[in-house]
Every structure is written in structure tokens, then in C-alpha cells.
Amino acid sequence: MVLVISEPIKSQSKTVCVIGAGPSGLVSARELKKEGHKVVVMEQNDDVGGQWLYQPNVEEEDPLGKTKALKVHSSIYSSLRLISPREVMGFSDFPFTVKEGRDSRRFPGHEELWLYLKDFCEVFGLREMIRFNVRVEFVGMVDDDKDVDDNMKRWMVKSVAKKTGEVIEEVFDAVVVASGHYSYPRLPSIKGMDSWKRKQLHSHIYRVPDPFRDEVVVVVGCSMSGQDISIELVEVAKEVHLSAKSLDVPPGLSKVISKHHNFHLHLEIESLEEDGRVIFVDGSCIVADTILYCTGYWYKFPFLESKGRVEVDDNRVGPLFEHTFSPFLSPSLSFVGIPRKLIGFPFFESQAKWIAKLLSGKTSLPSFDEMMESISEFYLAREAAGIPKRNTHDICDFNYSDKYADYIGFPHLEEWRKELCMSALLNSIENLDTYRDSWDDDDLLQETLQNPYFTQFTSP
């Protein structure tokens, strides 16, 4: 489909509320600031980082995340390390380089990425526009804008100071939602799950393996977190039983399982029995102490009242043009960071630049009808490819951020990022337990490190 871009909106500075000070929120704030907009970032925690701000204390959190009010935002566990090499992670003008006295590994732990975000925040002067310990309770269109089209409406944002309970209501020209999507646990529907008497929890509140010492643990879900956590648990648990949709798993996982007498692979769970038995679909069963669900997360925006113009249906947020704008409410309402399975930080940056330039009138969107047609074509293509609705935002395409770049004349994602990321991915498939510490792409790495992207910051 060929999209015809309409006339840009009149250039002017806007007041913009950014919800969330994680990676997508911080780069959005930076790009909006560069375009001359007046930005307020609202962050519910006491520091920047979003998911990357590690929260060790999860005792008060509902283990299955069924309550509406979550106390813990981050789902990071203590031992988590990046699954992509640090070289590909940095923003376009701020490489994720090694700092003296810090974690210098190529695949560092989560704290190192958090420190990178703190550095980014400081270098670009973002902290002064962030309100910490503030929870956004409500975002909705201003009712008195009756003579204004929905896409130009202003937004009422109601926030609460967590320490004092003070409620503040403010009106903004635009809202950028960058609140993340790894906080609301998604659970499977398993017969007997509600009446199973033993311990059940979602990986959202998993932090360290020691509480599971000498237990029989069933890990449900064979995602990266399910694999990582299983590998960690097998060192302390009596037995680890990994439940997957198929026994045809990557060779790297098969190698790890073969190394441990107490690590077992199963098909999906058929039912849970009150006596502690876990029965699998092939009829086999074990008696477990704990079930740990590594089954993903829901997209949720409990604060947003869009009058039905943006809804979450089976984990599809929509309708959104390019996963960013509601055709009904663009450009005054936008979302950053919804797509998954791509090179995140450069993607967020391209998305943020597009939003910022739209709000400043330097570019514009296609017509309403063209955006809706584009969305429909995307949905139909996903359906034709056999991709379930719940995986609408799983892009699995390194080049997707180039779409945003093309709208504003920003350079495409560099080939070296794609090559390094693909190399790491292939290595992880073959060598799951060692790929973060051993690799065979040193020639490519050394060539990449001579790129001006890196040398301009490291040369004398």
C-alpha cells in the first residue's frame, strides 16, 4: 500500500506528558526536548530505568499477579544478563561502551544497562523533567474541547504522589505512553489450577533460586526467561521439569538438559491435582512442590480512557498505525515500545524521533482512511502467516524501525547491528548456556568497533 502523507500540522511547541522513565520514555523525552516541546515525564519508581531498575523486594506482591494494583513494576531477576551484545544496544549517538570499574562483559548483567540509562539521562539533561514516585491514575480527553477534532484534543492527566497521596490534575497537548509491557503476568488456563494447594508463582516475582532449594519445580513456558530460570534452578532444586508446547526444542537447550540428571522436558500440562500431582498431556505425571509460570505478560493501560478508540483485544493493542498512533487520536496520543522481538533501543529512538517531529509539525501522517487500511492489511498479513492475534506485536524483523526512519529521513538501522545480533541469536540457539561468554564472531566484532559510531567516543 502506498501512503500519501497529508499536510503537516502547524509548527509549534507542545506540552507533552511522557508516561514512564524506562528506555522508551527516556529517549522519547530526549527527542521531544530536542524539538522544543515542554516535557513532563511521570515515573512511578524513585529512579529511571523502568524494567531495568531492579526491585528485589517482592514479598508483598501477589505471586500470580491477579490483583489489579501491582506493587512491583520490574520483572528482572538477580542473575539476568542481556541476550544481545552490548554493541547493538546503544542509542544512535550514545554507544553502550565499557566504563572503568563496571561490568565489562560483552553480555553484561542488568545493572550495567541500568547504569547506561542513568548515564544517558545525565548527559542529555533529562532528570530535571522527570517526576519520580508519581503514579498516573487517569489519562483522558478534555471534555471541554467540544469544537476540536479528536486528533487535536488535549489530554487530562491525573497523577498521585506515592509518598504523600497528593493528587494533581493537569492538561497537556499530547501524551506519549511509554509504560512498558512486562509487568502484568499472563497465565495459562489449566484444569485444577485454582484449587492446587502448593506454591504457584509467575516469573514476574522470581528473583533468586535459593527459595526453591531441594524442591521439585515445574517451569511452564520455554521462552528465554523459562530457559534461563530453569538452568539456574537446576543447580539448587531437587528436580526441574520444563513444560513446553513441543519436545522439539533448540539444540542448545537439549545440550543443557542432557548435562543434568535432574532436568526434564515435558509437553504441556493437562491438569493439576489437589494432592500435588502435575499431569502432562502425554499422561505422565510428577508430584511438584512449586509451579513457576514463565508465560509472558499482558499489555495493559489501566489509566487510559480513550472512549473505545484504543483497546486491548487478546493482547493486541489497537487499532494502531505502525504500532504507534491511533488513527482516531493521532498525533496527540502515541505509544512507544509496544513491538517486541527486535533491536529495542534503536527502534525506540526512531519511533520517538517520528513522534517528536510530528508534534512539531515537521512531518505528518497519512489520512485516517489510509491509516486504517494499512492497519487492516497488516492484520490480514499476520493472520495469513498463521500468527495468533496475541502475537500481533511480535515483529521479529530487524528492519522494522526503518519504516519510522523513512518518515523523517533518519538513517536506517546499521548492517553491523543486524549482523552482530543475528550472530548472537544463532550462537544462543546452539550454545544456550555458554553463548554470553563464548562466541566465534570476533572478526566481525573487531571490524565493528572500528566504526565511527564507536571510535568518535574512544579516540584520543
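The values are calculated or read from the model by the stated rules, or taken from the named source; none is laboratory data. Note that this is a predicted model, so its numbers are computed, not measured. Cβ placement follows ideal geometry from the backbone for every residue including glycine, while neighbour counts extend to all protein chains displayed.
For segment 195-209, does any single residue satisfy the condition of being crowded, with 19+ Cβ neighbours inside 10 Å and among the polar types (S, T, N, Q)? Yes, segment 195-209 contains a residue that is crowded, with 19+ Cβ neighbours inside 10 Å and among the polar types (S, T, N, Q).
One line per residue, one yes/no per condition, for (1) in a helix (DSSP H, G or I); (2) more than 30 Å from GLY361 (Cβ to Cβ):
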position	(1), (2)
ASP119	yes, yes
ARG135	no, yes
VAL139	no, no
VAL157	no, no
ILE168	no, no
SER179	no, no
TYR182	no, yes
LEU201	no, yes
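Each residue in segment 433-453 was checked for being within 21 Å of ASP103 (Cβ to Cβ) and assigned to a loop (DSSP other than H, G, I, E, B), and 9 of them qualify. Considering segment 305-325, and only residues there that are touching a Phe, Trp or Tyr at 6+ places or on another chain (Cβ under 7 Å) and among the aliphatic types (A, V, I, L, M), the residue that is surrounded by the most Cβ atoms within 10 Å (Cβ to Cβ) turns out to be LEU320. Scanning segment 162-189 for residues that are surrounded by fewer than 19 Cβ atoms within 10 Å (Cβ to Cβ), closer than 22 Å to LYS300 by Cβ and aliphatic (A, V, I, L, M) turns up VAL167, LEU187.
Mind counting the residues in segment 79-95 that are in contact with a strand residue (DSSP E or B) (Cβ under 9 Å, 6 or more places away or on another chain) and surrounded by fewer than 17 Cβ atoms within 10 Å (Cβ to Cβ)?
We begin by selecting, within segment 79-95, every residue in contact with a strand residue (DSSP E or B) (Cβ under 9 Å, 6 or more places away or on another chain); these are 79-82.
Okay, now just the ones that are also surrounded by fewer than 17 Cβ atoms within 10 Å (Cβ to Cβ), so 79, 81.
Residues flagged as in contact with a strand residue (DSSP E or B) (Cβ under 9 Å, 6 or more places away or on another chain) and surrounded by fewer than 17 Cβ atoms within 10 Å (Cβ to Cβ) within segment 79-95 amount to 2.
Kindly establish whether LEU358 is modelled with pLDDT of 95 or more, surrounded by 18 or more Cβ atoms within 10 Å (Cβ to Cβ) and in the same structural domain as GLU311 (by TED's automatic domain parsing). Taking the combined requirement at face value, the residue satisfies it. Applying the set (1) over 22 Å from VAL98 (Cα atoms); (2) over 23 Å from the mean Cα position of the chain (by Cα); (3) not assigned by TED's automatic domain parsing to the domain that holds GLY337 to LEU426 leaves exactly one unmet item: (2). Does any residue of segment 391-406 turn out to be surrounded by fewer than 15 Cβ atoms within 10 Å (Cβ to Cβ) and over 21 Å from the mean Cα position of the chain (by Cα)? Yes, there is a match, as at least one residue in segment 391-406 is surrounded by fewer than 15 Cβ atoms within 10 Å (Cβ to Cβ) and over 21 Å from the mean Cα position of the chain (by Cα). Checked against the criterion of being surrounded by 14 or more Cβ atoms within 10 Å (Cβ to Cβ) and touching a residue at least 60 places away in the same chain (Cβ under 8 Å), segment 381-389 contains not a single residue that satisfies it.
Note on segment 174-197: residues that are in contact (Cβ under 8 Å) with a residue 60 or more places away in the chain and over 18 Å from LYS68 (Cα atoms) amount to 12.
The rows are residues; the columns are (1) under 27 Å from GLN227 (Cβ atoms); (2) modelled with pLDDT of 95 or more; (3) in contact with a Gly (Cβ under 7 Å, 6 or more places away or on another chain).
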| position | (1), (2), (3) |
| --- | --- |
| SER364 | no, no, no |
| ALA381 | no, yes, no |
| GLY386 | yes, yes, no |
| ARG436 | yes, yes, no |
| GLU447 | no, no, no |
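Of the strands (runs of 3 or more DSSP E) contained entirely in segment 215-270, those carrying at least 2 residues that are surrounded by fewer than 21 Cβ atoms within 10 Å (Cβ to Cβ) fall at 263-266.
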